[in-house]
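The values are calculated or read from the model by the stated rules, or taken from the named source; none is laboratory data. Worth saying up front: this structure is predicted, and the values here are computed from it rather than measured. Cβ atoms come from the backbone with ideal geometry, glycine included; neighbour counts cover every protein chain shown.
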Amino acid sequence: MDFQQVIDTDGRIEPRDQMPDAYRQTLVRQIAQHAHSEIIGMQPEGNWITRAPSLRRKAILVAKVQDEAGHGLYLYGAAETLGVDRAELLDLLHAGRQKYSTIFNYPTTSWADVAAIGWLVDGAAIMNQVPLTRCSYGPYARAMTRICKEESFHQRQGFEAMTVLSRGTAAQQQMAQDALDRWWWPALMMFGPPDAASPNSAQSMAWGIKRFGNDELRQRFVDATVPQAEFLGLTVPDPALSWDGEHHRSGEIDWTEFAEVMKGNGPCNRQRLEFRQQAHADGAWVREAAQAYASKHRPVA
Amino acid sequence: MLWEVFVRSRRGLSHTHVGSLHADDAHLALRNARDVYTRRQEGTSIWVVPAAQIVASSPDEKDAFFDPAGDKPYRHPTFYDVPEGLTHL
Ligand SMILES: [Fe+2]
Ligand SMILES: [Fe+2]
């Protein structure tokens, strides 16, 4: 079967199959960007590990952040099956030549932000990622299956922490509301620009990389999340939000903010990238030591 | 170097390929595999194999390679008619 036949019959493309160059490049770009998002995403939450309000919350947060590192690894592994090298992809990230999700360029200024990230950011990620388990590229689809299994705990722990805050003192409720106010719109932007302004979407759909448009997934997220906010007794920061009998319709998204954060002008773009570069540089001696040890103990052929 | 990781999820089952990882030696590969692929008790045993050591059939010769089995339906029990009413066949 040739490439198009596999795609037409909803089959899976595997690493050594023939595939159009543009398909390969699109996947490398998307999987790399996804992997970068997982590991950059460790920073805003990692920021709260030492200040988690209880040992229970701390253990949960450590486990979640560790999962995100694992997600990065699964995805770099999937990208490598397309003939690129992980070190190369990290270099591109560090040089600012490959992107990661704009959501991680916002700061986590209170503990409630950790709760809001689990609930909203991981919630939106799940909405995006579940269809990717049926992506036409086998290794990416399999990595997503593993990731999705782990993500549901991320969302639940966030919602649970949010519930505790919203049932707490007036100050805690205020913290929860403030976090929702700041994370709601950036979370909606995670689904990407409207389909009409997303030129590559149609090709990705035709290739079976993407299964649903950005607007549809965003709508599903709004429909799923608004009742959860109501349960928490919190107000979604969107005065135009309305119910049309079938869906919760949100107001206009400020796409200029999205474009600015994408360009590098979000509140934390510089900080996130510098931290990553520093972490990579700080780890150099470990990589060198492992290499030296291995070559010393390599059996002589 | 790149390693392919195989995990036996529980006793009685075969090791199954779960993914790959980078490590400089086998010992580190095993440790990393434990951390990356068995954080939720997904396994009771791990194999790591240098990816470069795996010899794979080529997708280009897929047809020629697997064709010989294609015209031998008589290798399957469903090829045979079992007379109505008979059991243990
Ligand atoms: Fe993740
Ligand atoms: Fe997550």
Residue list for segment B:66-87, restricted to those being under 24 Å from the mean Cα position of the chain (by Cα), assigned to a loop (DSSP other than H, G, I, E, B) and surrounded by 10 or more Cβ atoms within 10 Å (Cβ to Cβ): none
Breaking point among (1) within 24 Å of A:G83 (Cβ to Cβ); (2) among the acidic types (D, E); (3) more than 14 Å from every other protein chain (Cβ to nearest Cβ), for B:D71: (1)
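If I filter segment B:33-46 down to residues being at the interface with another protein chain (Cβ under 9 Å from one of its Cβ atoms) and without any contact (Cβ under 8 Å) to a residue 12 or more places away in the chain, which single residue comes out as surrounded by the fewest Cβ atoms within 10 Å (Cβ to Cβ)?
So the residue we want is B:R40.
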Filter result (closer than 16 Å to A:A78 by Cβ and within 16 Å of ligand 2 (Cβ to nearest atom)) within segment A:129-138: A:Q129, A:L132, A:T133
Sole residue being part of a helix (DSSP H, G or I) and either within 14 Å of another protein chain (Cβ to nearest Cβ) or touching a strand residue (DSSP E or B) at 6+ places or on another chain (Cβ under 9 Å) (or both), chosen from B:D24, B:D63: B:D63
Of residues in segment A:217-246 being without any contact (Cβ under 8 Å) to a residue 24 or more places away in the chain and surrounded by 14 or more Cβ atoms within 10 Å (Cβ to Cβ), the one farthest from A:A141 (Cα to Cα): A:L241
In segment A:125-146, the residues that are within 14 Å of chain B (Cβ to nearest Cβ), in contact with a helix residue (DSSP H, G or I) (Cβ under 8 Å, 6 or more places away or on another chain) and more than 14 Å from A:Q30 (Cβ to Cβ): A:R142, A:T145, A:R146
Scan of segment A:247-270 for residues that are surrounded by fewer than 17 Cβ atoms within 10 Å (Cβ to Cβ) and free of Cβ contacts under 8 Å to residues at least 40 places away in the same chain, ordered by number: A:H247, A:R249, A:G251, A:E252, A:T256, A:A259, A:E260, A:K263, A:N265, A:R270
Breaking point among (1) within 16 Å of ligand 1 (Cβ to nearest atom); (2) at pLDDT 95 or above, for A:A161: (1)
Qualifying residue in segment A:110-126 (condition: surrounded by fewer than 16 Cβ atoms within 10 Å (Cβ to Cβ) and modelled with pLDDT of 95 or more): no
Some residue of segment A:8-16 being at positive phi and in contact (Cβ under 8 Å) with a residue 24 or more places away in the chain: yes
Residues of segment A:46-60 classified as among the hydrophobic types (A, V, I, L, M, F, W, C) and part of a helix (DSSP H, G or I), total: 4
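Restrict the check to segment A:95-115 and report whether at least one residue is aliphatic (A, V, I, L, M), within 16 Å of ligand 1 (Cβ to nearest atom) and in contact with a Cys (Cβ under 7 Å, 6 or more places away or on another chain).
No: zero hits.
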Top-ranked residue of segment A:83-99 - restricted to ones that are free of Cβ contacts under 8 Å to residues at least 24 places away in the same chain and surrounded by fewer than 16 Cβ atoms within 10 Å (Cβ to Cβ), ranked as nearest to the chain's Cα centre (by Cα): A:R97
Number of the condition not met by B:V49 [criteria: (1) within 13 Å of another protein chain (Cβ to nearest Cβ); (2) touching an Asp or Glu at 6+ places or on another chain (Cβ under 8 Å); (3) modelled with pLDDT of 95 or more]: (1)
Output for segment A:269-291, where each listed residue is over 20 Å from A:L92 (Cβ atoms) and either away from every other protein chain (no Cβ under 14 Å) or not small (G, A, S) (or both): A:W285, A:V286, A:E288, A:Q291
Selection count, segment A:138-185, where residues are within 24 Å of A:A32 (Cα to Cα) and in contact with a Phe, Trp or Tyr (Cβ under 8 Å, 6 or more places away or on another chain): 4
Flag for A:R156 being within 14 Å of chain B (Cβ to nearest Cβ) and within 16 Å of ligand 1 (Cβ to nearest atom): no
Restricting segment A:1-45 to residues that are out of contact with any helix residue (DSSP H, G or I) (no Cβ under 7 Å at 6 or more places or on another chain), within 13 Å of another protein chain (Cβ to nearest Cβ) and not in a helix (DSSP H, G or I), the residue that is nearest to A:D67 (Cα to Cα): A:G11
Looking only at segment B:2-21, and only at residues there that are more than 8 Å from chain A (Cβ to nearest Cβ) and small (G, A, S), the one that is farthest from A:P15 (Cα to Cα): B:G12
